[in-house]
1. If amide H atoms are built 1.01 Å from N in the plane of the peptide, which residues on other chains or at least 5 residues away come under 5 Å of the amide H of Arg39?
2. Within the chain, what is the longest stretch that has no GluC sites (Glu not before Pro) placed in a DSSP loop and near at most 13 other beta-carbon atoms within 10 Å?
3. What are the ³J(HN,Hα) values, in whole Hz, obtained from phi via the Karplus relation 6.51 cos²θ - 1.76 cosθ + 1.60 with θ = phi - 60°, for each residue of the stretch 165-175 in sequence order, with x given for Gly and Pro?
4. Cross-link partners among lysines for Lys174, C-alpha distance below 26 Å, same-chain residues fewer than 8 apart left out?
5. Between Ala204 and His169, with labels modelled 7 Å along Cα→Cβ, what's the label distance in nm to one decimal, could you check?
6. Report, in debye and to the nearest 20, how large the dipole of the chain comes out about its Cα centre when Lys and Arg carry +1 and Asp and Glu carry -1 on their Cβ.
7. I'd like the distance between the alpha-carbon centres of the stretch 106-140 and the stretch 166-215, rounded to an integer number of Å.
8. Residue by residue through the stretch 197-203, what is 3J(HN,Hα) from phi via Karplus (6.51 cos²θ - 1.76 cosθ + 1.60, θ = phi - 60°)? Round to whole Hz and write x for glycine and proline.
Amino acid sequence: MNRSEAHRTHGLNHEAFAAINEQSAYWCGFLMADGCIHRRSEDSYQIILFLQERDKDHIAKYKTFLQSEHKIITRKPNGKGWRAAASTSYGLSFNSTRIATDLASFGVTQSKSHTASVKRLANNRHFWRGVVDGDGSVYRRGGKYNYPGLFLCGSLPLMNQFLAYLTKHIPDIKCSVTRSPTVYTLHVGGKAAREACGLLYGRASVALERKESVARGIIEGR
């Protein structure tokens, strides 16, 4: 925490990512997918996370994890600058050099969209659940067999790391990383998707509720 941050009035646990546990690993993954790290000056970093209106409660969970006293910000479609949005969204923005430094040690850095690569947490299921909650989907395809699936998109290094993680824990998985016009993607279907959901969402204490609900249905065969 630098001198300017020390004088701010809003409470915040600047050591929230200092130790690896389920909560810190999960939110590290979520920020890898959806967060933004902005360097304001040589020794000042801003961490920003905004989600669509239907996920407002998830921002509240993030705020609780951080022990933050910052107000949840509403971005409206008519906003300007970084507060501008295509639709209403909610989020947190705060300055913390310590948190930015800790996140960087896991590979969560600024300008990471096309180069993101996780460090130290490549075999952590809570981290990958956070990434899937941020940039992936868990679904059932309609029809007679109600086919389950799991999807993730992102940088090529990150997709290859996720594939390596799944392959390690689900040896008979059959999937590959493919390229779309702007990002790389990975699809898992059928029995492997059910196993992947169990691996990521089984006995989880923090997850995006709407995706966790689908995952639990897949795990339980509903």
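1. The answer is Gln46.
2. By the stated rule (loop sites, at most 13 other Cβ atoms within 10 Å), 70-219.
3. 5, 5, 5, 5, 9, 10, x, 8, 5, 10, 7
4. Lys119, Lys144, Lys191, Lys211
5. For the pair Ala204/His169, the computed spacing is 1.0 nm.
6. 520 debye
7. 12 Å
8. Here the 3J(HN,Hα) series is 4, x, 5, 8, 9, x, 6 Hz.
No value in this document is a laboratory result; all are computed from the given coordinates. Computed from a prediction, not measured in an experiment: that's the story for all the values here. Virtual Cβ from ideal backbone geometry, glycine too; neighbours counted across all protein chains shown.
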